[in-house]
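A.B. asks: Dropping the structure in here first, questions after.
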Amino acid sequence: MGNPYSQRLGVWWIAHDHPDLPAVVASPSGTTLTFGELAGRAHQLVHALRAQGIGAGDIVAYALPNDVDILWWPLAFQEMGVRSVALNPALTAIEVGEILEAADAKALVVHVGFTEIAKVADGGPAKLRVSVGGAIDGFVPYEQLVDGQPTTPPDDRSFGVPISYSSGTTGRPKGIERPPVPGDPWDVADGMKVFGQAFRMTPLAGVHLASAGMHHGGCQSFYQGALNVGQALAIMGKFDAEGALAMIQEHRVTTAYMVPTQFVRLLRLPEDVRQRYDTSSLEVVVHSAAPCPLEVKKQMMAWWGPVIWETYGGMEGAAAIAKPHRWLEKPGTVGRAVRGMRIKILDDEGNELAPGEVGHVYLESSQPTFTYRNDPELTRSVYKGKAFTLGDVGYLDEDGYLFLLDRAKDMIISGGVNIYPAEVEGALTSHPLVADAAVFGVPDPEWGESVTAVVQLVAGTEETDELRAELIEHCRARLARFKCPRTIDFRAELPRTEAGKLYKRLLRDEYAQAAAGRDAG
């Protein structure tokens, strides 16, 4: 085969040149596919949607579970110039309704398992409604939609760029729009060689584990990237720690995308269970979406070896990559700027800071960037010149490696001193009895804000005042006293998204209301 990167890559070319190459080796439905079959289903869907009046520039929203269907629908959208919106099935009906209204989607695709989302569509803008996996009143079944349509490549292809909506943790949904990508999708997809080389994904070989929510932007970027370099997918329906290990062993998984909460669940498995499975096939495991506690990542490196990669950025743009050997040299870094991106640290006035100085993290891309859909004011608020921010605070070291301290909006100011909750959460989660932790500021008449922690304990651990005191002392042994929680409360479970992000706003609002009630009393 020679140099694998000399091959034509991208799903469409792989399907043309290597139609019998496996594209899906495992899925919840038991369906397996070759690249030829996968491309054929996407082509067929393009013909079917065009027959229904859906075309380039239209917006289509979809809610599909982890399985094979969620592969060919986005591929069809990409091939026909449709701007797609992936819906998180875990959102409430109110949140989904807000996104559908904001997106003004012309069509809606819903799996039969997500009937609440289907109900939200009543009276909405979608003129075409398609059900997947069964019948839903008022929806056209997928099988009926594609019946009689050819599986041949369509004419007049144009690249469809998705619109990504926030998960709802910050209030009303934000739609992230990117400019159109010029050219034929067949040619644009060949640019995945850059992706494969960046993450050392071997083209036309290997298996990628899709175990996070496949609607999520991070997971989607990597499973689509794996397909576009010719790696087969092993798809998990709902993440199960031991099940993931079994799948890695059975299918000799080489690459994967995960979020930090999955690492935590893997590490919580009994030692004999962890050692029961062979994970030596793993070459690259990428994580992003939420901060990964230092100790968690160290333990994963010790178990799986130096295969854990980290990316920093958002749907607004990729910013940095931390390769395993660089992270081991600089523990805690989220990496150095990717090609075409410059990272700058600015103060409140927009002045660039020197290495080691803490400020707002801004990203400046050499490529056309994004806007927030129908919200020019929000768009302007995140830009300074050509650089934009995701709202994080951090610093660059002398070698240009980025270290994050926290989200600017999550920073606590107590007694006039800045405190970064992520640092305190890292100290708490290093305690063997702590499964999860959320740290935030609560209004305090004397200090301005008081450091408060809500902790989820390891299953079976008794909640006692003695343990509260022990956890505070555990923090004081690792952090300055002013950073440590003044109070610790226990919860059976903390509110998190599937990507592992804390719904910290919910906790902060709850405690702020309680504090206001006490003051009023």
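A.B. asks: Of 13, 460, 38, which is farthest on the positive side of the dipole of the chain, counting Cα position, with +1 on Lys and Arg Cβ, -1 on Asp and Glu Cβ, and the Cα centre as origin?
C.D. replies: Most positive-ward Cα: 13.
A.B. asks: Going highest first, how would you order 140-150, 397-407, 40-50 by mean Cβ packing within 10 Å?
C.D. replies: Put in order of decreasing packing, that is 40-50, 397-407, 140-150.
A.B. asks: I've got another one for you. Within 10 Å of each residue's Cβ, count the other Cβ atoms and sort 279, 32, 311 from fewest upward.
C.D. replies: 32, 279, 311
A.B. asks: So what does the Cα-only Debye profile of the range 375-499 read at q = 0.11, 0.12, 0.18 Å⁻¹, as log10 I(q)/I(0), no solvent term?
C.D. replies: -0.47, -0.55, -1.03
A.B. asks: Mind pulling the angle between the C-alpha long axis of helix 294-304 and the longest principal axis of the chain? Nearest 10 degrees, somewhere in 0 to 90.
C.D. replies: 50 degrees
A.B. asks: What are the lysines whose alpha-carbon lies under 18 Å from the alpha-carbon of residue 330, with same-chain residues fewer than 8 places away excluded?
C.D. replies: Partners within reach: 297, 298.
A.B. asks: Once the Cα gyration tensor of the range 4-238 is diagonalised, what are the square roots of 5 times its eigenvalues, in whole Å and ordered largest first, as equivalent ellipsoid semi-axes?
C.D. replies: The answer is 27, 19, 18 Å, longest axis first.
A.B. asks: Moving to a separate point now. Taking the Cα centre as origin and putting +1 on Lys and Arg beta-carbons and -1 on Asp and Glu beta-carbons, what dipole magnitude results for the chain, to the nearest 20 debye?
C.D. replies: 700 debye
A.B. asks: Figure the gain on full extension for residue 516 and residue 250 (residue separation times 0.36 nm, minus the Cα-Cα span) and round it to one decimal in nm.
C.D. replies: Separation in residues times 0.36 nm, less the Cα-Cα distance, equals 90.3 nm.
A.B. asks: Given 20 °C and 1.002 mPa s, compute D for the range 447-500 with the Stokes-Einstein relation, Rh being the Kirkwood radius over Cα pairs; round to the nearest whole µm²/s.
C.D. replies: D = 171 µm²/s.
A.B. asks: Here is a further query. Going by a 4.7 Å Cβ-Cβ cut-off, which cysteines of the chain have no partner at all?
C.D. replies: Cysteines lacking a close Cβ partner in the chain: 219, 292.
A.B. asks: Divide by every residue of the chain the summed helix terms, -39500 (n - 2.57) for each DSSP H run of at least 4, and state the resulting mean residue ellipticity at 222 nm, rounded to the nearest 500 deg cm²/dmol.
C.D. replies: Here the helix-only value at 222 nm equals -9000 deg cm²/dmol.
A.B. asks: Determine the sum of side-chain charges near residue 23: Lys and Arg each +1, Asp and Glu each -1, restricted to other residues whose C-beta is under 14 angstrom from that of residue 23.
C.D. replies: Surrounding charge for residue 23 is -4.
A.B. asks: Which peptide among 509-515, 335-341 comes first, and what is the full order, when sorted by highest mean count of other Cβ atoms within 10 Å?
C.D. replies: So the order, starting with the most tightly packed, is 335-341, 509-515.
A.B. asks: Name the long-range amide H neighbours of residue 490: under 5 Å, sequence gap of 5 or more, or other chain; modelled H, no Pro or chain starts.
C.D. replies: For residue 490, the qualifying residues are 455.
A.B. asks: Tell me which residues come under 5 Å, amide H to amide H, from residue 130 once H is placed; ignore anything under 5 positions away on its chain.
C.D. replies: 108, 109, 110, 140
A.B. asks: Suppose we keep just the DSSP beta bridges with both residues in the chain; what percent of those would be antiparallel, to 5?
C.D. replies: Among the beta bridges of the chain, antiparallel pairing accounts for roughly 55 percent.
A.B. asks: So for the chain, averaging the separation of alpha carbon pairs under 8 Å that are six or more residues apart and normalising by length, what relative contact order in percent results?
C.D. replies: Relative contact order comes out at 10 percent.
A.B. asks: Around residue 23, which amide H atoms from residues at least 5 apart in sequence, or from another chain, sit under 5 Å from its own amide H, with H modelled in the peptide plane?
C.D. replies: 33, 34, 35
A.B. asks: Go through 174/323; 119/238; 127/386 and tell me which ones have a Cα-Cα distance over 28 Å in this structure.
C.D. replies: Too far apart for the 28 Å limit: 174/323; 127/386.
A.B. asks: Sticking with this structure for a sec: What value does the range 306-408 have for Rg/Rh, both radii from Cα atoms and Rh as Kirkwood defines it?
C.D. replies: 0.97
A.B. asks: When the distances between all Cα atoms of the range 56-171 are binned every 10 Å from zero, what whole-number percent does each bin get?
C.D. replies: 14, 47, 33, 6, 0
A.B. asks: So what are the ³J(HN,Hα) numbers for the range 45-59, from phi and the Karplus equation (6.51, -1.76, 1.60; θ = phi - 60°), rounded to whole Hz, Gly and Pro as x?
C.D. replies: 5, 4, 4, 5, 5, 4, 5, 9, x, 8, x, 3, x, 6, 10
A.B. asks: At 0.36 nm per residue, and after removing the present C-alpha to C-alpha distance, how many nm does the segment from residue 155 to residue 482 gain when stretched out fully?
C.D. replies: 111.3 nm
A.B. asks: Roughly how far apart, in whole Å, are the Cα centres of the range 392-442 and the range 314-369?
C.D. replies: Measuring centre to centre over Cα atoms gives 17 Å.
A.B. asks: Give the lysines reachable from residue 504 as a straight Cα distance under 17 Å; neighbours fewer than 8 places away on the same chain don't count.
C.D. replies: Reachable lysines: 409.
A.B. asks: Normalized C-alpha radius of gyration of the chain, against 2.2 N^0.38 Å?
C.D. replies: 0.99
Coordinate-derived values only; no laboratory data. Since this is a predicted model, take the numbers as computed values, not measurements. Ideal geometry is used to build each Cβ from the backbone, glycine not excepted, and the neighbour counts take in all protein chains shown.
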